[in-house]
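Quick notes on the structure that follows.
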Amino acid sequence: MTKLHHAAHWGAFTGVVEHGRLTAIETPPADPAPPAILQGMPDALHSPLRIDRPHIRKGWLNGDRNGGTPRGGEPFVPVSWDEATRLVAAELTRVRAQHGPASIFGGSYGWASAGRFHHARSQLHRLLAAAGGFTGQVTNYSYAAGMTLMPHIVGGMEIVDRPVIAWRDIVAHAKILVCFGGITVRNGQVNAGGGARHEMGLWLRRAAQAGIRIVNISPIRADMPEDVPAEWWPIRPNTDTALMLALAHVLIQQGTVDHAFLARCTTGYEPLRAYIMGETDNTPKTPTWAETETGLPAAQIAQLARDLASQPNMLAAAWSLQRAEAGEQPYWMITALAALLGGIGLPGRGFTFGLGSENGMGGARAMIPSASLPALPNPAHSFIPVARITDMLERPGDTVEFNGRRLTYPDTRLIWWAGGNPFHHHQDLNRLLRAWAKPETIIVSEPWWTPIARHADIVLPATTTMERNDIGAGSLDRHILAMKQLVPPQAQARNEFDYMADIAEALGVRPRFTQQRDEAAWLRALYDRARDASARMYVELPDFDTFWAQGIVEVPEPETPIVAFREFRADPAATPLNTPSGLIELASERIAAFGYEDCPGHPVWRQPEEYLGTAGPTQLHLLSVQPATRLHSQMDMARVSKASKIQGREAILIHEADAAARGIADGDVVRVFNARGACLAGATLTDGLLRGVCVLPTGAWLDPLEPGVPGSLCVHGNPNVLTRDAPTSKLGQGPIAQSCLVEIEKWTAPLPPVKVHMPPQIEER
Ligand SMILES: Nc1nc2c(c(=O)[nH]1)N[C@H]1C(S)=C(S)[C@@H](COP(=O)(O)OP(=O)(O)OC[C@H]3O[C@@H](n4cnc5c(=O)[nH]c(N)nc54)[C@H](O)[C@@H]3O)O[C@H]1N2
Ligand SMILES: Nc1nc2c(c(=O)[nH]1)N[C@H]1C(S)=C(S)[C@@H](COP(=O)(O)OP(=O)(O)OC[C@H]3O[C@@H](n4cnc5c(=O)[nH]c(N)nc54)[C@H](O)[C@@H]3O)O[C@H]1N2
Ligand SMILES: [Mo]
């Protein structure tokens with residue numbers, strides 16, 4: 001028996017290996033809340049769903065290219081690595097020669113796995129860049145709208161994805177913590193680089209013990225842990241901007257706006273004020289007006305505004321708020337509201353994003369760079385905003401507005417995806433499935449027969465992290481983790497780096513791709529580069545051999561306080577923000593000049609097309625939140641996720657009254673549907689939900705009753721057959737999964753089996 005350090009997005013662990021198999025995992029004793037997801041690691045590693053050899057879609061092998069028939073319904077034929085390598089290299093060469101590098105789509109969005117060297121997407125980008133270029137993707141599914149907006153109004157996007165505010169300061173200085181979208185401890189299980197401590201729940205309890213009033217503004221009561229005393233404000237989804245506008249209205253009317261702060265640190269107050277007071281559109285954004293939109297009592301809104309004006313506070317918004325129609329607006333308006341209150345730049349006060357969205361947010365860590373694989377320049381200079389993939393496939397040569405630019409969609413002939421699952425992450429999967437039929441060749445690298453692997457032509461079996469050595473280094477966690485190979489590669493699975501080096505060889509670019517290094521040399525080089533950079537910031541890390549022997553290195557807490565806008569507040573003229581005015585922009589002339597009707601020059605309330613305010617009498621608002629038992633679609637085949645299913649289906653949360661009205665009992669299977677698609681799910685009834693809202697977490701593997709047929713019922717419960725594929729606005733072009741209306745009915749027909757947790761049909765040649 002051996003025990004070795006390793007790490008996943010869902011935490012550091014020690015793997016117990018017996019006779020070449022991972023038999024158990026142990027979690028670090030210092031971790032106050034090790035994620036349950038970790039317990040599924042042995043299932044994942046040794047799963048019958050592992051892809052054992054390279055495979056080719058039968059029709060593709062027989063010469064079918066671009067027939068327009070949707071992928072996903074055909075058997076796969078196993079081939080040797082030699083043949084697969086040759087086919088991939090030949091296709092890359094052919095498509096680049098005939099159509100140019102931009103017709104190779106290698107955006108390959110997705111979380112892949114935790115190690116920084118064997119990071120599938122980074123490896124793929126290096127290969128495709130070395131081989132002549134590809135079309136990439138910018139922004140992300142997490143906070144595209146926020147990260148595009150914030151540079152215009154505060155001069156940077158770090159505010160969205162960095163712990164720019166520390167929990168320790170909130171606990172010490174705030175009296176009210178307002179949480180738009182709650183603080184969902186389930187989301188604190190994961191971080192992109194891994195993590196050795198999961199402290200979100202701990203900090204919430206400390207905040208409550210310090211007597212801080214916590215307000216959970218969310219349609220779901222459980223968005224705040226039960227053991228944390230908090231007020232629950234069950235807001236209608238997508239209406240937070242209306243609530244924030246009304247809070248601002250009260251501050252303005254009562255004369256409790258911090259004019260000194262506005263004058264020193266902001267620009268654009270006047271047009272925003274005129275809009276809030278209704279001077280420009282005859283609609284004063286009063287608490288009574290907001291009550292209609294939000295469903296929250298006007299008197300309660302007015303009282304909260306008065307309390308915020310008189311007590312130090314922190315306004316925190318989850319990332320989910322901006323994954324909705326007009327998702328830029330709540331982020332702009334919370335910034336404006338915090339400016340009116342005047343706390344920005346003071347410890348524990350102001351506004352912050354994603355505090356409850358990911359492990360490590362609100363942590364205090366010296367901001368040293370993490371180890372990461374360097375990119376190669378992409379000679380194709382072609383990219384799309386990440387969530388416009390279906391649009392791109394549907395409309396080659398057409399243009400799209402994005403953040404003040406006009407981009408042209410390439411003519412996509414070849415797609416290669418490694419480390420992401422668009423048949424998990426994208427909205428309106430039936431529309432994607434139709435568009436996905438257009439390219440001539442689709443290559444997918446995956447360790448498992450996931451939905452994306454089933455929709456490929458050439459399937460390359462990748463190792464999991466547990467079969468290779470790597471470095472786990474989150475940008476938010478205070479630990480650098482050695483990820484040691486637990487077992488050799490299973491069946492014919494290979495490391496991305498190794499098989500891509502062979503493809504690079506066939507393309508004549510091997511030295512550029514590998515830089516003449518092997519795994520061991522790369523790990524040492526990446527670590528040393530980060531170590532040198534840290535030393536320049538006066539943070540001493542041990543040398544590589546010491547790190548590898550110890551298995552873990554702790555990064556110190558920073559000595560300086562972590563307070564966004566601290567220097568700026570102290571002296572705005574000497575330390576201006578990187579905005580046109582150097583100030584916080586409550587109105588932006590630059591955004592106004594873009595002329596986007598869906599994102600004008602100051603925060604506004606825009607009624608979404610799909611929300612409770614437009615719902616018919618039987619429609620419900622569907623929220624597809626992050627799953628407690630997985631990371632996205634990862635680990636859906638492992639024990640923790642499987643145990644959470646109801647009759648094998650993903651659990652959907654429904655208000656007991658809404659269920660009763662439809663004759664649905666707890667544990668029933670239901671059909672969730674709208675004009676875009678339909679899925680089955682298992683009903684869980686609750687009173688901890690706003691009536692009219694239902695919640696189906698993301699990540700159940702897409703399992704169409706008839707694979708390859710658009711519109712087919714997903715028998716397993718993937719919410720993205722229901723969600724709408726439209727942009728937040730022309731500014732951010734972000735996804736809007738949280739703006740979605742559905743109907744629910746009890747399923748009474750015989751229950752079709754879930755088949756996606758078994759391998760697809762394989763035909764030997
Ligand atoms: N409806 C709805 N949809 C959403 C969201 C929502 O809130 N609602 N949230 C969105 C958000 S925030 C995100 S970030 C996306 C997430 O979307 P993704 O990041 O695409 O989802 P994952 O399931 O993490 O996909 C990672 C894939 O990489 C594979 N993989 C893991 N390790 C390796 C490896 O070493 N090599 C290779 N080749 N593959 C590997 C896994 O098996 C998995 O299939 O989803 C988005 N989609
Ligand atoms: N366990 C686990 N943790 C994860 C992930 C995972 O897959 N599994 N994914 C990670 C990733 S990639 C990301 S980007 C983050 C995402 O982090 P978030 O975006 O914060 O996560 P969500 O779970 O989508 O949403 C949080 C809560 O917001 C509430 N909410 C939704 N819409 C609205 C609204 O309009 N108004 C208000 N007030 N509340 C609303 C929902 O009730 C939901 O529970 O999570 C990360 N953490
Ligand atoms: Mo995300």
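For segment 484-614, what's the radius of gyration and Dmax over Cα atoms, in angstrom?
For segment 484-614, the Cα-based Rg and Dmax read 25.3, 62 Å.
Work out the FRET efficiency for ALA260 and GLU158 from their Cβ-Cβ distance, taking R0 = 25 Å, and round it to the nearest 0.05.
Between ALA260 and GLU158 the formula returns 0.45.
With both bridge residues required to lie in segment 620-746, what share of the DSSP beta bridges run antiparallel, to the nearest 5%?
The antiparallel proportion sits near 65 percent.
If you stretched the chain out fully between MET367 and ALA665, how much longer would it get, using 0.36 nm times the residue separation minus the C-alpha to C-alpha distance?
Difference between extended and current length: 102.2 nm.
Relative contact order for the chain using alpha-carbon pairs under 8 Å, separation at least 6, rounded to a whole percent?
That works out to 21 percent.
Can you find, among LEU705, LEU620, ALA737, the residue sitting farthest towards the positive end of the charge dipole of segment 620-746, where Lys and Arg contribute +1 and Asp and Glu -1 at Cβ?
It is ALA737.
For ALA418, enumerate residues with amide H under 5 Å from its amide H, sequence gap 5+ or separate chain, H modeled in the peptide plane.
Amide H to amide H, under 5 Å and 5 or more residues apart or across chains, ALA418 pairs with SER445.
Taking θ = phi - 60°, what integer Hz values does the Karplus form 6.51 cos²θ - 1.76 cosθ + 1.60 yield along segment 299-308, in sequence order, with x for Gly and Pro?
These are the phi-based 3J(HN,Hα) values: 5, 5, 5, 4, 5, 4, 4, 5, 5, 5 Hz.
Carbon and sulfur atoms: what percent of the 1.4 Å accessible area of the chain do they account for?
Its accessible area is 51 percent carbon and sulfur atoms.
What's the magnitude of the charge dipole for segment 620-746 around its Cα centre, counting Lys and Arg as +1 and Asp and Glu as -1 at the beta-carbon? Answer in Debye, nearest 20.
Using Cβ point charges on Lys, Arg, Asp and Glu, segment 620-746 gives about 260 debye.
Might you tell me the accessible area per residue for the chain, computed with a 1.4 Å probe and given in Å²?
That works out to 34 Å² for each residue.
Counting only other residues whose beta carbon sits under 13 Å from that of ALA222, what net charge do I get with K and R as +1, D and E as -1?
Result for the neighbourhood of ALA222: -2.
Any idea of HIS118's accessible area? Nearest 10 Å², probe 1.4 Å.
Taking all protein chains as shown, HIS118 has close to 0 Å².
Is there a pair in LYS642/LYS730; LYS175/LYS285; LYS175/LYS645; LYS438/LYS755 whose C-alpha atoms are over 28 Å apart, and which pairs would that be?
LYS642/LYS730; LYS175/LYS645
Let me test this: with uniform point scatterers at the alpha carbons of the chain, what is the Debye-based log₁₀ I(q)/I(0) at q = 0.05, 0.08 1/Å?
-0.24, -0.65
Could you order THR618, THR267, THR135 by accessible surface area, starting with the largest, using a probe radius of 1.4 Å?
Result of the area sort, largest leading: THR618, THR267, THR135.
Need the C-alpha centroid separation for segment 427-460 versus segment 228-293, integer Å.
45
Can you sort PHE594, PHE353, PHE565 by 1.4 Å-probe accessible area, starting with the largest?
The residues order as PHE594, PHE565, PHE353, largest area first.
Compute the FRET efficiency between GLN550 and ALA172 as 1/(1 + (r/R0)^6), taking r as their Cβ-Cβ distance and R0 = 41 Å, and round to the nearest 0.05.
0.80
Quick check for me: using +1 on Lys/Arg Cβ and -1 on Asp/Glu Cβ, what's the dipole size of the chain about its Cα centre, in debye to the nearest 20?
Rounded to the nearest 20 debye, it is 620 debye.
Among the Cys residues of the chain, which have no other cysteine Cβ under 4.7 angstrom away?
So far as the 4.7 Å Cβ criterion goes, CYS179, CYS265, CYS599, CYS694, CYS740 stand without a partner in the chain.
To the nearest Å, what is the center-to-center distance of segment 331-385 and segment 178-224, using C-alpha atoms only?
17
What does the charge count near PHE180 come to, summing +1 for each Lys or Arg and -1 for each Asp or Glu among other residues with Cβ under 11 Å from its Cβ?
Here the count lands on -2.
What is the Rg over Rh value, at two decimals, for segment 620-746, using alpha-carbon atoms and the Kirkwood definition of Rh?
With Rh from the inverse mean 1/r over Cα pairs, Rg/Rh is 0.96.
Given labels modelled 7 Å from the Cα in the Cβ direction, how far is it in nm from ASN62 to ARG405?
4.3
Which is farthest toward the positive dipole end of the chain among PHE497, ALA643, GLY40, measuring Cα position about the Cα centre, with Cβ charges +1 (Lys, Arg) and -1 (Asp, Glu)?
PHE497
Go through segment 110-124 residue by residue and turn each phi into a ³J(HN,Hα) via Karplus (6.51, -1.76, 1.60, θ = phi - 60°); whole Hz please, and just put x for glycine and proline.
Whole-Hz 3J(HN,Hα) from phi for segment 110-124: x, 7, 6, 10, 6, x, 8, 8, 7, 8, 3, 5, 5, 4, 4.
Check TRP747: other-chain or 5+ apart residues with amide H under 5 Å from its amide H, H built from backbone geometry?
VAL669, VAL670, ARG671
Suppose R0 equals 35 Å; then what is the FRET efficiency for GLU589 and ARG205 from their Cβ-Cβ distance, rounded to the nearest 0.05?
Using R0 = 35 Å, I get an efficiency of 0.20.
What number, in percent, do you get for the relative contact order of segment 620-746 if the mean sequence gap of Cα pairs under 8 Å and at least 6 apart is divided by its residue count?
33
Just read off the accessible area of VAL539 with the full protein assembly in place, 1.4 Å probe, to the nearest 10 Å².
Approximately 20 Å² for this residue.
Provide the solvent-accessible area of ILE276, counting protein heavy atoms only and rolling a 1.4 Å probe, rounded to the nearest 10 Å².
For ILE276, the solvent-accessible surface is approximately 0 Å².
The values are calculated or read from the model by the stated rules, or taken from the named source; none is laboratory data. Please read all numbers here as calculations on a predicted model, not as lab measurements. Using ideal geometry, Cβ is built from the backbone for each residue, glycine included, and neighbour counts are taken over all protein chains shown. These area figures cover heavy atoms from the full protein model, side chains too; ligands, DNA and RNA do not enter into them. Shrake-Rupley method; radii C 1.70, N 1.55, O 1.52, S 1.80 Å.
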